[in-house]
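Below is one structure, written out as structure tokens; comments come after it.
The values are calculated or read from the model by the stated rules, or taken from the named source; none is laboratory data. On a predicted model such as this, the values are computed, not experimentally measured, just so you know. FYI the Cβ positions are ideal-geometry reconstructions off the backbone, even for glycines, and counts take in every protein chain you see. Areas reflect the complete protein model, heavy atoms only, side chains present, ligands, DNA and RNA absent. Shrake-Rupley method; radii C 1.70, N 1.55, O 1.52, S 1.80 Å.
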Amino acid sequence: CFVLFCLVAHALLLASVFSHFVVLGSLVHGSDAAALHPFLASIVDALAGCDDVCVSESREQQEELLTLLADILTCYGHSEPVSAETGRKMFVLCVNVIAAVPDLEDACNETLANLAARSSLADTKALFSTHTPALIGSLKTSVEQWTKYSQERKVFAVVLRKGGAVAGEQLDEIVEILVATLHPDKDVEVRLAFFTLLAKLFTASSSAFEQHASAIFLNMIAPNLVWQAGRVAGALRTAAMACAFALLKSGIRLEAKVVETLTPLLVSCLGDDAEQCRLTSVLVVAEVLCGSKQEFQSNYDRLHSLYLVLLERLGDGSDAVRMASLTAWNNYALCMCEMYQGGDLDVYRAHLEAIFGGLLTYLDDDSTEVQRQVYNVLSIAGRAAPAVLKELTAAFAVKCRSSQLCDQLLAELS
């Protein structure tokens with residue numbers, strides 16, 4: 001029996017073809033558990049040493065591997081627990097199966113739960129907590145060589161998605177890997193896949209990433225917002241902006257250097273050809289103006305750089321973008337009120353006239369909802385310079401189709 005197992009294990013190392021799995025699986029399944037126990041660790045070592053096993057996308061082969069692992073765990077159930085090293089190798093094999101054939105995730109979950117029990121661990125969460133640090137450490141060594149076809153990239157994505165709070169404990173190393181993976185020189189499809197995954201992670205637990213917010217924005221998101229031609233590049237900007245929005249929704253306040261870097265990129269993306277990119281960019285602007293308004297109130301030019309393109313979005317061809325831009329304008333108006341208090345309004349009168357004049361145009365919009373929300377924005381913004389707004393409103397009232405809202409605004413300003 002020992003000689004036979006050695007021959008099969010050696011054959012696996014030479015070439016991990018399907019027939020070898022079938023033979024080894026039959027041997028394990030048909031053997032006495034007590035007699036087989038001395039060979040279990042060696043069998044797992046042989047499986048872990050087969051690189052072809054990890055990268056194979058053959059569903060049949062991966063199903064046979066899972067069956068083999070289940071039989072091995074059954075044998076362990078009749079003896080002492082799985083050792084830490086053998087458990088780690090079986091854990092890595094299971095994660096690789098999910099990465100190679102995602103449809104087998106449910107079956108892998110059962111095997112992982114069984115492995116946790118045979119390893120004297122409370123549950124699968126404890127299993128991930130035990131073995132994830134070593135797995136992430138091993139993945140770091142090859143990150144510079146990752147492509148969209150790399151099995152390591154797929155494994156890392158599985159760890160991020162399934163690790164949960166355990167992955168949060170390894171954030172320093174995870175962020176380091178992500179920075180390398182999302183570098184502008186990397187494969188576009190790789191970056192797009194990770195941004196899509198990160199947007200989901202940030203939505204689920206953005207607060208966990210708060211201490212790394214600056215690194216995420218400066219080293220991951222901002223470099224991928226720079227305009228480049230092509231539909232794929234546009235999709236990448238949209239995905240990066242979606243990550244920014246998901247992270248900002250938790251109320252994270254950005255540092256001054258992040259706002260300084262992000263603002264011109266936001267201005268560029270607000271005029272993007274892709275509707276979804278414009279929409280997400282407007283939502284990000286609204287969040288930044290709300291959560292980091294001090295960084296705008298302390299810098300007139302930074303705030304002024306936004307209003308022209310935000311006025312353009314009020315006239316966007318997409319109703320979703322138009323309505324989202326009104327939220328951004330509401331936050332912009334609040335920033336204006338605080339920023340201009342006690343200042344010399346004559347210095348900035350040209351900007352005020354451009355802002356008020358642009359908004360007043362939409363007070364006569366075809367949409368009554370847009371009219372209503374623009375009125376609310378003007379009501380707030382008017383506190384910054386009521387005399388200027390009153391003058392412009394009176395002049396506009398004689399031009400618009402209905403002066404009702406203008407009259408209300410003039411009465412409010414009087």
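Rounded to whole Å and ordered largest first, report the semi-axes of the equivalent ellipsoid of segment 106-153 derived from its Cα gyration tensor (root of 5λ).
Equivalent-ellipsoid dimensions as semi-axes: 26, 13, 6 Å.
Subtract the Cα-Cα distance of GLU110 and ALA126 from 0.36 nm times their separation in residues, and report this length gain in nm to one decimal. The partial results should precede the final answer.
On the way: separation 16, 0.36 × 16 = 5.76 nm, distance 1.46 nm.
Length gained, GLU110 through ALA126: 4.3 nm.
Counting other Cβ atoms within 10 Å of each Cβ, which chymotrypsin sites (Phe, Trp or Tyr not before Pro) in segment 83-163 have at most 15 and sit in a DSSP loop?
Details: sites: PHE91, PHE128, TRP146, TYR149, PHE156; in loops: TRP146, TYR149.
For chymotrypsin sites (Phe, Trp or Tyr not before Pro) across segment 83-163 that sit outside H, G, I, E and B with at most 15 neighbouring Cβ atoms in 10 Å, the list reads TYR149.
Only Cα pairs under 8 Å and at least 6 apart count here; give the relative contact order of segment 44-114 as a rounded whole percent. Walk me through the numbers on the way to the answer.
Numbers: 46 pairs, mean separation 31.2, N = 71.
Relative contact order for segment 44-114 comes out at 44 percent.
Ratio of Rg to Rh for segment 82-233, alpha carbon only, Kirkwood? Could the numbers behind the result be given before it?
Details: Rg = 16.1 Å, Rh = 16.3 Å.
The Rg/Rh ratio comes out at 0.99.
Over all distinct Cα pairs, what is the inverse of the mean 1/r for the chain, reported as the Kirkwood hydrodynamic radius in Å?
Details: mean 1/r = 0.0401 Å⁻¹.
In the chain this quantity evaluates to 25.0 Å.
Could you tell me what percent of the accessible area of segment 299-414 is made up of carbon and sulfur, with a 1.4 Å probe and every protein chain present? Walk me through the numbers before you get to the answer.
On the way: 2600 of 5280 Å².
Here carbon and sulfur together make up 49 percent of the probe-accessible area.
How big is D, in µm² s⁻¹, for segment 72-144 by Stokes-Einstein at 37 °C and 0.692 mPa s if Rh is the Kirkwood radius over C-alpha pairs? List each step's numbers first, then the result.
On the way: Rh = 12.7 Å.
For the chosen part, D equals 258 µm²/s.
Averaging over every viewing direction, what projected area does the convex hull of the Cα atoms of segment 305-414 cover, in nm²? Could you put the intermediate results ahead of the total?
On the way: hull surface 25.6 nm².
Across all orientations, segment 305-414 yields a mean hull projection of 6.4 nm².
PRE reach from LYS200 (point 7 Å along Cα→Cβ): which of segment 208-236 fall under 20 Å by backbone N?
Residues 208-209, 221, 235-236 qualify, since their backbone N sits under 20 Å from the label point.
May I ask you to give the solvent-accessible area per residue for the chain, in square angstrom, as obtained with a 1.4 angstrom probe? Can you show the working numbers first?
Values: 18230 Å² over 414 residues.
Ligands and nucleic acids excluded, the figure is 44 Å² per residue.
Considering the chain as a Gaussian network with a 10 Å cut-off on Cα pairs, which listed residue, ALA244, ALA99, ALA397, attains the greatest mean-square fluctuation?
ALA397
Which helices, taking whole DSSP H runs in the chain, have alpha carbons extending 30 angstrom or more along the helix axis plus mean Kyte-Doolittle at least -0.5? Numbers along the way, then the final one.
Values: long enough: 319-340 (31 Å, 0.28).
Within the chain the helices that satisfy the rule are 319-340.
Expressed as a rounded percentage, what relative contact order does the chain have, with Cα pairs under 8 Å and six or more residues apart? Write down the numbers at each step before the final one.
Working: 477 pairs, mean separation 33.2, N = 414.
This gives 8 percent for the chain.
In the structure displayed, which of LYS140/LYS257; LYS89/LYS148; LYS249/LYS390; LYS257/LYS390; LYS125/LYS257; LYS249/LYS399 lie more than 31 Å apart, Cα to Cα? Could the numbers behind the result be given before it?
Values: LYS140/LYS257 28 Å; LYS89/LYS148 24 Å; LYS249/LYS390 35 Å; LYS257/LYS390 37 Å; LYS125/LYS257 38 Å; LYS249/LYS399 40 Å.
With Cα atoms farther than 31 Å apart: LYS249/LYS390; LYS257/LYS390; LYS125/LYS257; LYS249/LYS399.
What is segment 296-341's relative contact order, in percent, from Cα pairs under 8 angstrom and six or more apart in sequence?
Values: 23 pairs, mean separation 19.1, N = 46.
This gives 41 percent for segment 296-341.
Semi-axes of segment 218-316's equivalent ellipsoid from the Cα gyration tensor, sqrt of 5 times each eigenvalue, largest first, rounded to whole Å? Could the numbers behind the result be given before it?
Working: eigenvalues 81, 48, 29 Å².
Semi-axes from the Cα gyration tensor: 20, 16, 12 Å.
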